[in-house]
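Remarks on the structure that follows.
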Amino acid sequence: EGEREFPHPFFFGSKVSLKPVHWLEVGFARTGIFGGDGAPPFDLEDFGDVFLLGGSDQKQNKSDEIAGFDLRVHLFPLGFDFYWERFGEHHFSHFPFSGGEANLWGIYVPDVFGLAVRGEYFDSTNEGPVWYRHSVFTSGYTYKGKILGHHAGGDGKDYSVEVKASPLEGVRLTLSYDYEKRGASLPAPETHRQVLFGATHQVGKICMSFHLGHESVSNAGFKPESEETDTFITFSIVRTFD
């Protein structure tokens with residue numbers, strides 16, 4: 001992308017996942033944006049510090065990094081999975097325990113009377129609106145103005161519940177509800193409420209999908225008492241090839 005403070009920067013990501021026992025999985029990940037036309041110079045030593053060693057470059061601000069860990073535990077006696085993701089903006093601390101953190105907690109139950117149920121909570125409001133932003137790389141984690149990350153953004157909270165069913169072979173139905181608050185530290189944060197229904201049908205190598213959603217927004221555009229509603233429909237056909 002060229003419409004940034006430093007056009008055409010580089011983006012990198014790395015992740016290591018470990019599964020020491022069959023019921024536990026732990027991962028460590030790091031991403032970074034650096035370089036671009038007119039950006040602070042970034043040499044091989046800098047790359048080694050941020051990509052391989054996890055060192056913070058907060059004194060020189062040569063890159064915009066996010067780092068952290070994820071944890072997933074399968075609780076066999078109870079029949080569900082618990083997972084947690086904790087990441088932070090690099091300029092507060094060192095990998096993997098960065099400050100300015102955002103957290104996502106979730107529970108997944110694969111079978112509740114024939115239904116698969118998932119619940120999630122996301123919070124990026126810790127220490128204010130610091131997420132997906134940077135003092136030097138001011139465009140932050142965006143592409144053409146759209147955030148490369150969680151849809152609640154860098155100063156938001158999100159609660160979601162999703163239920164899936166497979167009444168027939170090759171057929172999957174999904175119903176979800178999402179409540180989201182964006183710009184939580186602002187005087188008039190946006191509040192989003194979304195209901196989404198989806199249906200997919202797999203026939204051989206062809207998968208057909210249909211989605212119908214409705215969203216209502218309070219304080220739209222962060223303007224007090226401004227209301228908006230949206231309804232959307234999508235339909236797709238995907239053919240896979242060997």
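For Lys223, what charge total do you get from the other residues with a beta carbon under 14 Å from its beta carbon, if Lys and Arg give +1 and Asp and Glu give -1? Taking every other residue near Lys223 into account, the sum is -3.
Restricting region 149-242 to trypsin sites (Lys or Arg not before Pro) that sit in a DSSP loop and have at most 14 other Cβ atoms within 10 Å of their own Cβ leaves Lys205.
For the chain, the solvent-accessible area with a 1.4 angstrom probe is 58 square angstrom per residue. The simple spin-label model puts a point 7 Å past each Cα toward its Cβ; for Arg193 and Ala220 those points are separated by 1.5 nm.
Count Lys and Arg as plus one, Asp and Glu as minus one, and take only other residues whose Cβ is under 13 Å from that of Lys205; the net charge is then 0.
Once the chain from Asp43 to Val171 is taken as fully extended at 0.36 nm per residue, the excess over their C-alpha distance is 40.9 nm. Counting charges near Tyr177 (Lys, Arg +1; Asp, Glu -1) among other residues having Cβ under 12 Å from its Cβ returns a value of -4. Above 21 Å, the calculated P(r) of region 111-242 contains 56 percent of its Cα-Cα pairs. Among the lysines of the chain, pairs that are 8 or more positions apart or on different chains and have alpha carbons within less than 24 Å of each other number 14.
Of the solvent-accessible surface of the chain, computed with a 1.4 Å probe over protein heavy atoms with every protein chain present, carbon and sulfur atoms account for 61 percent.
Of (i) 20.3; (ii) 14.4; (iii) 16.8, which is the value of mean projected area of the Cα convex hull in nm² derived from the coordinates here? Computed from the coordinates, mean projected area of the Cα convex hull in nm² corresponds to (iii).
The values are calculated or read from the model by the stated rules, or taken from the named source; none is laboratory data. None of the values given here were measured: they were computed from a predicted structure. Methodologically, a virtual Cβ is constructed for each residue, glycine included, from the backbone with ideal geometry; neighbour enumeration extends over all protein chains shown. Calculation scope for accessible area: heavy atoms of the full protein, side chains included, ligands and nucleic acids excluded. Shrake-Rupley method; radii C 1.70, N 1.55, O 1.52, S 1.80 Å.
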